1. Which residues, counting only those in the range 72-109, are hydroxyl-bearing (Ser, Thr, Tyr) and under 16 Å from PHE52 (Cβ atoms)?
2. For residues that are out of contact with any Pro (no Cβ under 6 Å at 6 or more places or on another chain) and under 15 Å from PRO24 (Cα atoms), scanning just the range 75-97, find the one that is modelled with the lowest pLDDT.
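The values are calculated or read from the model by the stated rules, or taken from the named source; none is laboratory data. Quick caveat: nothing in here was measured; it's all calculated off a predicted structure. Note: ideal-geometry Cβ built from the backbone for every residue, glycine included; neighbour counts use all protein chains shown.
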Amino acid sequence: MIENFQIKGLERLINSSVIKDIYPMVDHVDLVYDVEKQDKWRRHDHLDINIFLNDPTFTKENMYNKEFDPHYLVEHHIKSYFPYFDLKNIAMDFIVWGPDGDIVYSWKN
């Protein structure tokens, strides 16, 4: 089971300049951890990732042309920090939010 300090540490690292230097259009990232019980014998760790953009011109249709790939951000950059926080076998979903609060893109695992 994941501890709150692991998620908070990961969130602080993601919101440092490490990710913002690669993706300057990202304002900040929020992580929401939840344990969903599949049945009485197993537990499934689940992480919701909310990616907030600072540029209102991004849409689902043009984000890749503007060199923003949320799948690569999550699967490569964010997951690359998992070993430092002893995080394993986590299902992840993400939502990309525009600065106006509208959903730009979402993906469910």
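1. Selection gives TYR105, SER106.
2. Among residues in the range 75-97 that are out of contact with any Pro (no Cβ under 6 Å at 6 or more places or on another chain) and under 15 Å from PRO24 (Cα atoms), the one modelled with the lowest pLDDT is HIS77.
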